[in-house]
Structure formats: C-alpha cells, structure tokens
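Scroll down for the structure; my scribbles are underneath it.
The values are calculated or read from the model by the stated rules, or taken from the named source; none is laboratory data. The structure presented is a predicted model; accordingly, all values stated were derived computationally and were not measured. Here Cβ is always computed from backbone atoms with ideal geometry, including for glycine, and neighbour counts include all displayed protein chains. In case anyone asks, the SASA skips ligands and DNA or RNA and just uses the protein heavy atoms, side chains included. Shrake-Rupley method; radii C 1.70, N 1.55, O 1.52, S 1.80 Å.
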Amino acid sequence: HMETQLVNLDAISALTTLDLELKNINDLVTHVIDSRHTLATSHNLGLTQELSPDLPLILIDEVKLNAALSHLLDNALVYTPAGARITVRTTFQQGTIQIAVTDTGIGIAPKHITNIFDLFYRVDSARPLNTGGVGLGLTIARLVAEAHDGSLAVNSMLGQGSTFTI
C-alpha cells in the first residue's frame, strides 16, 4: 500500500512533462474499464461505458490520463455500495471532449466539495490509511486534466452519488 502511495507522489512530480501522442479517448476508456471489470464484479457493481462515436483523435499523454481516469474509477468502486452501478461516458460538445465517471454511491457532502481536489485532503480522515489513500488520487486527476489544458469538476449529492468530469 505504501508503495502505491509513493508511486502516486512520484506521479505528481512527473506532471511537468507530457509525452503527447495522437490517440482516441474511447480506446483509453475501454482499456481502463476492462482493467476494473473483475473488481467491479467481485463487489457486485455494474460497470458500463457509454462512448460517443464521434470523438476526434487528440494529443494526450496516455499513461498520465490513464492514471487520472483510474483514480476516478477506483474511487467510484470504493464509495459505491454493492448492487449499484458506475458508468463511464465520453462526449464531444462544442469542440470539447469530456470523460465522466458517474456512480450511484454515497455522494460527497457540500462542505467537502471545495477541498476534495487539494493535496492530501481526505473526506473521511478517520478511515484507516491501509484501506484507502492519503488524499492524492483526486489531486493527481486534477493536475493531469490541467496539464492537458482541461479541468476536473464534480457534481455530487449525498446518498445519490457523484459525477467526476474531465
């Protein structure tokens, strides 16, 4: 677990340089979803993707964007109760590609929304570190989105779930 957190810290320091390649975002999303299907099934969670067929190829750092999307999906897997569902959706609107991870999980209280992307911020600080992160995943996802001239936003309601959109 500590090794994973050290890799996350290293990922933050490596954001200053991007290795850009022309890629299809849908291929990236499919890869991340496929890598989490067994985990979702073991937690009795539905995991689906809704991919826009009209996405243009864009320059991305596939490794870093994969890490950002993985952090968002991993959080959804942790905070969504058994029997619920998670959907990853791509859209292309007004020249902008969006990747949205929507869950029907526990949601986030409004008082935490403004801080969840801050380095080392944890909504549930009483949760043991060996069952969760140290507050790096959402920071990494935000920094990766910004490094790609994008952003990371959240829309959440307690008891109804959350949508994180790159």
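May I ask you to list the residues in the range 64-88 that are outside any helix (DSSP H, G or I) and under 12 Å from the mean Cα position of the chain (by Cα)?
Hits for the range 64-88 are 86, 87, 88.
Here is a yes/no grid of residues against (1) open to solvent by 90 Å² or more (accessible area, probe 1.4 Å); (2) in a strand (DSSP E or B); (3) modelled with pLDDT of 95 or more:
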site: 5; (1), (2), (3): no, no, no
site: 9; (1), (2), (3): no, no, no
site: 14; (1), (2), (3): no, no, no
site: 18; (1), (2), (3): no, no, no
site: 32; (1), (2), (3): no, no, yes
site: 49; (1), (2), (3): no, yes, yes
site: 52; (1), (2), (3): no, no, yes
site: 56; (1), (2), (3): no, no, yes
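Residue by residue through the range 45-69, note down the ones that are closer than 20 Å to residue 147 by Cβ and in contact with a strand residue (DSSP E or B) (Cβ under 8 Å, 6 or more places away or on another chain).
Restricting attention to the range 45-69, the residues satisfying the condition of being closer than 20 Å to residue 147 by Cβ are 55-69.
Listed by number, the residues that qualify are 55, 56, 57, 58, 59, 60, 61, 62, 69.
Is it the case, given these coordinates, that residue 104 is touching a Gly at 6+ places or on another chain (Cβ under 7 Å) and hydroxyl-bearing (Ser, Thr, Tyr)?
Numbers: touching a Gly at 6+ places or on another chain (Cβ under 7 Å): yes; hydroxyl-bearing (Ser, Thr, Tyr): yes.
Taking the combined requirement at face value, the residue satisfies it.
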